[in-house]
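In what follows, a single structure is set out as structure tokens and then discussed.
Computed from the coordinates by the stated procedures, all read-outs in this text should not be read as laboratory data. What you see is a predicted model; the values in this text were computed from it and never measured. Heads up, the Cβs are rebuilt from the backbone with ideal geometry, glycines too, and the neighbour counts pull from every protein chain shown.
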Amino acid sequence: MPYVLQYKNLIQKEDKVSKTLIKPGNIYKIMAYEYADGVKKTLSGANTSLVFVIGIFEKQIFCLKISEMKPEKFFKWLKKVFLKNLNDEQFDEAQHLKELLVKVDRSGKQLYSSFVKPSTIARGPINPYRTYNLSGISIVTEVTIKKEILKQYYK
């Protein structure tokens with residue numbers, strides 16, 4: 001069941017970005033994608049893919065498709081990935097989510113092995129762990145979550 005509509009009220013803004021600017025530790029909305037079998041889809045409404053990027057390796061992005069999990073579950077998990085001892089000023093000054101998170105390598109191996117694999121986030125009836133070919137992404141936006149929401153789940 002897609003939960004993308006539950007995220008809608010939590011989003012402060014969306015900025016269209018080039019797929020070459022996708023960075024681990026941020027949330028993106030993939031709006032147009034060409035699958036490996038050649039099928040092109042425009043993803044909109046309840047079918048939009050909201051993803052938290054874990055890493056980028058060999059022209060693929062490894063991510064959690066958060067639009068397939070309740071926001072509460074995702075943000076509860078994300079709390080473990082936040083840097084320790086953040087204050088309100090750091091939240092307010094952060095331009096990107098990744099600035100508030102532990103440092104991760106581009107491949108995402110550290111983030112996956114330390115925070116995804118040992119948690120229950122990728123277990124259950126629907127596993128949100130996904131890979132996307134960078135070449136298949138044609139329209140993507142970086143999603144900025146409202147600071148108040150991040151602070152609420154951090155505390």
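Of all the residues that make up segment 3-22, how many are in a loop (DSSP other than H, G, I, E, B) and touching a Ser or Thr at 6+ places or on another chain (Cβ under 9 Å)?
Here the count works out to 1.
Return yes when LYS29 is outside any strand (DSSP E or B), in contact (Cβ under 8 Å) with a residue 12 or more places away in the chain and either of a type in the set (Lys, Arg) or closer than 28 Å to VAL102 by Cβ (or both) and no when it is not.
In short, no.
Does LEU101 satisfy being under 15 Å from LEU78 (Cα atoms) and touching a residue at least 12 places away in the same chain (Cβ under 8 Å)?
Numbers: under 15 Å from LEU78 (Cα atoms): yes; touching a residue at least 12 places away in the same chain (Cβ under 8 Å): yes.
Against the criterion (under 15 Å from LEU78 (Cα atoms) and touching a residue at least 12 places away in the same chain (Cβ under 8 Å)), LEU101 qualifies.
Taking the options TYR35, TYR7, TYR3, TYR28, name whichever one is within 20 Å of TYR132 (Cβ to Cβ), in contact with a Pro (Cβ under 6 Å, 6 or more places away or on another chain) and aromatic (Phe, Trp, Tyr).
TYR7
Tally up the residues in segment 110-141 that are within 14 Å of the chain's Cα centre (by Cα) and either under 28 Å from VAL39 (Cα atoms) or loosely packed, with under 14 Cβ neighbours inside 10 Å (or both), please.
Residues that pass the stated criteria total 8.
For the subset of segment 25-40 comprising residues that are among the charged types (D, E, K, R) and surrounded by 14 or more Cβ atoms within 10 Å (Cβ to Cβ), which member is farthest from the chain's Cα centre (by Cα)?
The selected residue is GLU34.
Would you mind finding the one in GLU99, GLU58, GLU68 that is within 13 Å of the chain's Cα centre (by Cα) and of a type in the set (Asp, Glu)?
GLU68
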